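The values are calculated or read from the model by the stated rules, or taken from the named source; none is laboratory data. The structure presented is a predicted model; accordingly, all values stated were derived computationally and were not measured. Note that we place each Cβ from the backbone using ideal geometry, even for glycine, and neighbour counts take in every protein chain shown. Areas reflect the complete protein model, heavy atoms only, side chains present, ligands, DNA and RNA absent. Shrake-Rupley method; radii C 1.70, N 1.55, O 1.52, S 1.80 Å.
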Amino acid sequence: MSQSTAARSTARAPRPGPRHQPPRAAAPRLRVVTAPRHTRSRASLVAGCVALLVVGLVGLLLLNVNLERGTYDLRDQASRAEQLREQKQRLEVELRALQSPANLHDRAGGLGMVDGPASPVFLKGDTKLGVPTPAPTPTPPTVTEQASPSVTGGTPRATSGRRSSGRHTAVPAPPAATTAPTP
């Protein structure tokens, strides 16, 4: 047995042969293909793309116009702001000139105000700080006589809507001031 077993194990089993497949019908390699019944028209796709392109271009045009208008408005506002800055500077210079001590002194003198003493007096509660001194007496204003238009223009005539009868009446001139009042 051992030999028969050994002989069997070393001998290989025969391979099975090719399987028999049922015969197939031979199909030709090339065949004729017919067009489908309903073909889609591409005109709607082309029209949609063109419409989308036109809408996009119009949108870009409107956006560009609005940006340009904004640019012009910005330029106008910048020039207006520059004018206002220059006006502010002129007004500040004028204000500084009007607030200068010399100008204030001249305007106060024109209003009849006089300079105060060199050492001013301050009141703190019930106490007085400093020695009060009277202000100097201003010079009295002078009055000059000016000719009024009614005196120099000849004798005024009284007129009315009707024709006068040939007689003229003179209107007396107001009295002129000859002396100045003293305070």
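Could you give every pair whose Cβ atoms fall below 9 Å, whose first residue belongs to region 109-127 and is within 18 Å of THR137 (Cα to Cα), and whose second residue is among the acidic types (Asp, Glu), counting only separations of at least 6 or pairs across chains?
As it stands, the answer is GLY109/ASP115, since those pairs meet every condition given.
If I ask for residues that are open to solvent by 90 Å² or more (accessible area, probe 1.4 Å) and at pLDDT below 80, which ones from region 127-148 would you list?
Passing the criteria: PRO134, THR137, THR139, PRO141, GLN146.
Given the condition touching a Gly at 6+ places or on another chain (Cβ under 9 Å) and not aromatic (Phe, Trp, Tyr), answer yes or no: does some residue in region 95-116 qualify?
yes
Taking ALA7 as the residue in question, decide whether it is at pLDDT below 95 and open to solvent by 80 Å² or more (accessible area, probe 1.4 Å).
no
Quick one: which residue in LYS124, LYS88 is at pLDDT 80 or above and over 49 Å from the mean Cα position of the chain (by Cα)?
LYS124
Can you tell me which residue within region 109-121, out of those that are in a loop (DSSP other than H, G, I, E, B) and not hydrophobic (A, V, I, L, M, F, W, C), is modelled with the lowest pLDDT?
Top of the filtered list is PRO117.
Please go through region 29-75 and pick out each residue that is open to solvent by 100 Å² or more (accessible area, probe 1.4 Å) and part of a loop (DSSP other than H, G, I, E, B).
If the condition is that a residue be open to solvent by 100 Å² or more (accessible area, probe 1.4 Å) and part of a loop (DSSP other than H, G, I, E, B), then ARG29, LEU30, ARG31, VAL32, VAL33, THR34, ARG37, HIS38, THR39, ARG40, ARG42 are the ones that fit.
From the list VAL54, VAL46, which one is at pLDDT below 95 and among the β-branched types (Val, Ile, Thr)?
Result of the check over VAL54, VAL46: VAL46.
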